[in-house]
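The values are calculated or read from the model by the stated rules, or taken from the named source; none is laboratory data. Remember, predicted model here, so these are calculated numbers, not experimental data. Counting neighbours? That spans all protein chains shown, and the Cβs are built from the backbone with ideal geometry, glycine included. For the accessible areas, the whole protein counts, side chains as well, though only heavy atoms, and no ligand, DNA or RNA atoms are used. Shrake-Rupley method; radii C 1.70, N 1.55, O 1.52, S 1.80 Å.
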Amino acid sequence: MLQRKIRLWPVLALLLFTVTFSVSGCKSVFRMITHGGGQDLVWPLPPDKPRLHYEGSFNILQGQAPGLRIVTGHDVIPSQLQAPFRVAAKDNLVVIVDRERGRVRVYNRISLKAFVLLTKSGQVLTGVSDIAIDDFQRIYVTESTLGRVAVYDSSGRLLRRFGSTLRWQRPARLALDQLRNRLYVADSFLNRIFVISLHGNHLLTIGEHGQRPGRFNGLADLAVDKRGNILTVETTNRRVQKFSPAGKWLQTVIEGKRVGDLTEPVAIAVEEDGSLYVADRYLQALLVFDSEGRQLMKLGGLGRKPGRFNGLADVAYDAGTRRLYTCETGFPRVQMFRRSNTSWSPFP
């Protein structure tokens, strides 16, 4: 018996070396985890025409580690994302802000490579609260704790910074209107929106703290539709407001008057036809509205299965690929949905 135990040590040592080498020697990649249930997950359910298809979820992984299959039975090592709370996508690029690690991770869906944004001195970029991507795949990030916006190219090279001379306190959320050469920055402390050019020049300021129309309380997110109108989400006031490109209040599009309608909205995305996706943290659901604010569908609920959410934090829509992305802090992952060619409205 003693002789058998002694002979096992070289095997275990070799196995441990294989696992360690497999993990440390791999480059960062990420893997799509597609739905393997054999049945397409769609919303709404038949017999209605599907508007949304579940495509899969993905996460950053430190390479494949074949040795870990022997030890754990899994194909890959555990995810490095701890609490992804912001996501943006443009074509093959997906960018995620991780709240726990405070890092901005950039994924390329074509090459399956990933990297972390760095400062000019080579330090990991931290204190970021939101990201946006333009048509040239330049990445805009809000360095909230430093009170500025930084711009990177798709390879992670820092292009420029601006905002240190502006009078904002805590720039938190971003919305990009490249057609009109504008960047909208929501200040979560002042409850105001700063409108600046893509070169960093201040153009105008929208709103102030309050509950009346045109003011903000708990300003959580914003988006821009194809007409240049600004749509804002307030968690405390439980509403979505619309402003003109000139900053004039137009209407309250959605207002949560009871639990279950719009309870704790935290993020918004808009389609080309004006359809809205609002992420509700309390309901753990995506609420779909038409451009007039009529609720069309509720997607989700608490859970870890595809199409459900645990700590729903953000929603993003990429018009070029017609894909919808969500991220969760409770169960760290990004889910990806594909839009069909059928409009949400009229619905069903």
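Annotations for the structure displayed:
- Each residue of region 292-302 is assigned a 3J(HN,Hα), and the resulting list reads 9, x, 7, 6, 9, 7, 10, 10, x, x, 5 Hz, derived from the Karplus form 6.51 cos²θ - 1.76 cosθ + 1.60 (θ = phi - 60°), x at Gly and Pro.
- Expressed as a whole percent, the accessible area of region 229-276 that falls on carbon and sulfur atoms is 48 (1.4 Å probe).
- Alpha-carbon centroid distance for the pair region 91-121 / region 246-301, whole angstrom: 28 Å
- Legend: distances between Cα atoms for K113/K305; K113/K226; K90/K305; K120/K305; K49/K226; K90/K120; pairs beyond 29 Å are K113/K226; K120/K305.
- For the pair F189 and A319, a Förster radius of 30 Å applied to the C-beta separation gives a FRET efficiency near 0.45, rounded to the nearest 0.05.
- Cut-off under 5 Å, modelled amide H: who pairs with V334 long-range: F58
- Accessible area in square angstrom per residue, region 218-348, 1.4 angstrom probe: 38 Å²
- Solvent accessible area, Å² - R304, 1.4 Å probe, full protein context: 150 Å²
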